[in-house]
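Since the structure comes first, as structure tokens, the remarks are kept for the end.
The values are calculated or read from the model by the stated rules, or taken from the named source; none is laboratory data. Computed from a predicted structure; not experimentally measured. Cβ coordinates were reconstructed from backbone atoms using ideal geometry, including for glycine residues, and neighbour counts include every protein chain displayed.
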Amino acid sequence: MLEDPIIVKDFTTKEGYRAVVLYVNDSHHCGYVIVPKASNEIEKAYYTSDVHGGITYQKPYLHPLNLASNVTVVGFDAAHYKDTTTHNTTKYSTFKDANYMVNECIKLSTQLHAINNSMSLIGATPSFTSEVNETKCG
């Protein structure tokens, strides 16, 4: 049975983006950065971000968070080949703890901010007009 993810850390990055680290299915952590909805061209560029395991999630919602309708959630996980999870405990794997994931979220936030700024300079238009709603859990 799948359990609801646990919010381990919910914070604002220096770029002003909301970032969240979840612990999922009593198994592994996932990290997310929530940015204002942007053009398709900009959002496609997000996949070039260098973060642990690469970008594995890009959608306008994220359970269990209550988000505004005009955001994009960009995320990654620590459930890859050399990551320790409840399903992978080989001697070659390592567990990515919450601190590791927070640092990766910070790194991702910086990269997304740079993509938004550089793509805006060449004519793609981000729409940075609305705030993200606060978390409403439990």
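Quickly run through the range 10-20 and pick out the residues that are surrounded by fewer than 23 Cβ atoms within 10 Å (Cβ to Cβ) and not in a strand (DSSP E or B). Those that are surrounded by fewer than 23 Cβ atoms within 10 Å (Cβ to Cβ) and not in a strand (DSSP E or B): T13, K14, E15, G16. So which pairs qualify, if the first residue must be in the range 66-79 and closer than 16 Å to E41 by Cα and touching a residue at least 40 places away in the same chain (Cβ under 8 Å), the second must be surrounded by 22 or more Cβ atoms within 10 Å (Cβ to Cβ) and among the aromatic types (F, W, Y), the Cβ gap must be under 9 Å, and the two must be at least 6 apart or on different chains? Once the first residue is closer than 16 Å to E41 by Cα and touching a residue at least 40 places away in the same chain (Cβ under 8 Å) and sits in the range 66-79, its partners that are surrounded by 22 or more Cβ atoms within 10 Å (Cβ to Cβ) and among the aromatic types (F, W, Y) give V73/Y32; V74/Y32.
All of (1) in contact with a Lys or Arg (Cβ under 8 Å, 6 or more places away or on another chain); (2) in contact (Cβ under 8 Å) with a residue 24 or more places away in the chain hold for T12 with one exception: (2). So which residues in the range 103-126 are in contact with an Asp or Glu (Cβ under 6 Å, 6 or more places away or on another chain) and either at pLDDT below 90 or crowded, with 20+ Cβ neighbours inside 10 Å (or both)? Hits for the range 103-126 are S109, A124. From the residues in the range 83-102 that are part of a loop (DSSP other than H, G, I, E, B) and surrounded by 12 or more Cβ atoms within 10 Å (Cβ to Cβ), which one is farthest from the chain's Cα centre (by Cα)? Among them, the one singled out is S93.
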